[in-house]
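As structure tokens, the structure follows; a few thoughts come after it.
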Amino acid sequence: MTVTWEDLGWERLAAGVGRCRLPGWDCTAGLVVGEDAALMVDAGSSLDEGARLRAGAQELAGRRVTHLALTHPHFDHVFGAAAFPGARVYGAAGVDALFAPGGQGREALRSDAVAEGLDAWRAREAVDALVTVRHEVHRACTLDLGGGRRVRLADVGPGHTGHDLAVLVPVLVPGAPAVVFCGDLVEESGEPQAGPDAVPSRWPAALDRLLELGGDDALYVPGHGAVVDAAFVRAQRDALAARFGVSR
């Protein structure tokens, strides 16, 4: 019997494209499947969660995850990354320096995770296993997953952090929507969070770039919450501009 996305608790967004809303922080992890390769978008908040995502993705894709895109360097999106051995890891330009062993970036991730309620041992385990982001995206790059499935990775930040990566899955089947994985540049289940690493003055412009990337008809997948449309992203952009006093 063929396993469906829904059977495994995932949400199908388009042919070969879906996402999982994870418990706890309502964080999104995405999956894009081609004939030759599979891309995971974000990795969950712990090694255990990453391992569960890997197992589900492998069952849905029929192959191991070959590529992993990290939308931004926050624990709930990156702590499961080491559970994808052999995957090519992508992130926005400059993000790998935050993961350097012994660096302040690792300690900040651990402290934030524990403050947000992650078990201290699991947080330390994940920090110690953090992966190297060997493929940093400067502006944009395209991944060919086979069977006509190409995915665009774009460094659209800074905004929510100094290193925000968006993932565009263009239309493959006529009549289907494009899909944009936004990371936490867009949030639906709560007000967008601006922590100490946010760049509020440039966040609205990052959403302009996101809208340019996806266009009016795309499905926009927030880092937290339900899938939204371009009108929602524009409204959130305008709200952020007003909140942070950014002239439009």
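The values are calculated or read from the model by the stated rules, or taken from the named source; none is laboratory data. Keep in mind the model is a prediction, meaning the values are calculated, not measured. Neighbour counts run over all protein chains shown; Cβ positions are idealised from the backbone, glycine included. Surface areas here come from the heavy atoms of the whole protein model, side chains and all, with no ligands, DNA or RNA. Shrake-Rupley method; radii C 1.70, N 1.55, O 1.52, S 1.80 Å.
Each Lys and Arg contributes +1 and each Asp and Glu -1, all at the Cβ; summed about the Cα centre of the chain, the dipole is approximately 500 debye.
Positive end of the dipole of the range 44-162 (Cβ unit charges, origin at the Cα centre): among ALA57, ALA126, THR71, the Cα lying farthest that way belongs to ALA57.
Between ALA55 and ASP217, the FRET efficiency from the beta-carbon distance, with R0 = 25 Å, is close to 0.15.
Its alpha carbons give the range 181-240 an Rg and a Dmax of 10.5, 33 Å.
Of all beta bridges that DSSP places with both ends in the chain, some 65 percent have antiparallel geometry.
Can you tell me the accessible area per residue over the range 39-79, all protein chains present, probe 1.4 angstrom, in square angstrom?
Numbers: 1120 Å² over 41 residues.
Per-residue accessible area for the range 39-79 comes out at 27 Å².
Within the set [x] 17.0, 51; [y] 21.8, 92; [z] 16.7, 55, the number that Rg and Dmax of the Cα atoms in Å takes when calculated for this structure is listed as [z].
Starting with the highest mean, order 93-105, 55-67 by the number of other Cβ atoms within 10 Å, averaged over the residues of each peptide. Walk me through the numbers on the way to the answer.
Details: 93-105: 15.5, 55-67: 17.3.
Highest mean packing first, the order is 55-67, 93-105.
Rolling a 1.4 Å probe over the protein heavy atoms of the range 94-201, with every protein chain left in place, gives an accessible area that is 50 percent carbon and sulfur. For the range 81-211, the solvent-accessible area with a 1.4 angstrom probe is 44 square angstrom per residue. Shape descriptor for the range 99-140: Rg over Rh equals 1.07 (Cα atoms; Rh from the Kirkwood inverse mean 1/r).
Most simply put, the range 1-143 has about 55% antiparallel DSSP beta bridges, counting only bridges with both residues inside it. Enclosing the Cα atoms of the range 1-135 in their convex hull gives a volume equal to 99 cubic angstrom per residue.
First select every other residue whose beta carbon is under 13 angstrom from the beta carbon of GLY94; then total the charges, Lys and Arg +1, Asp and Glu -1. It would help to have the intermediate numbers written out before the result.
Values: positive: ARG139; negative: ASP96, GLU136, ASP155, ASP164, ASP197.
Its environment carries a net charge of -4.
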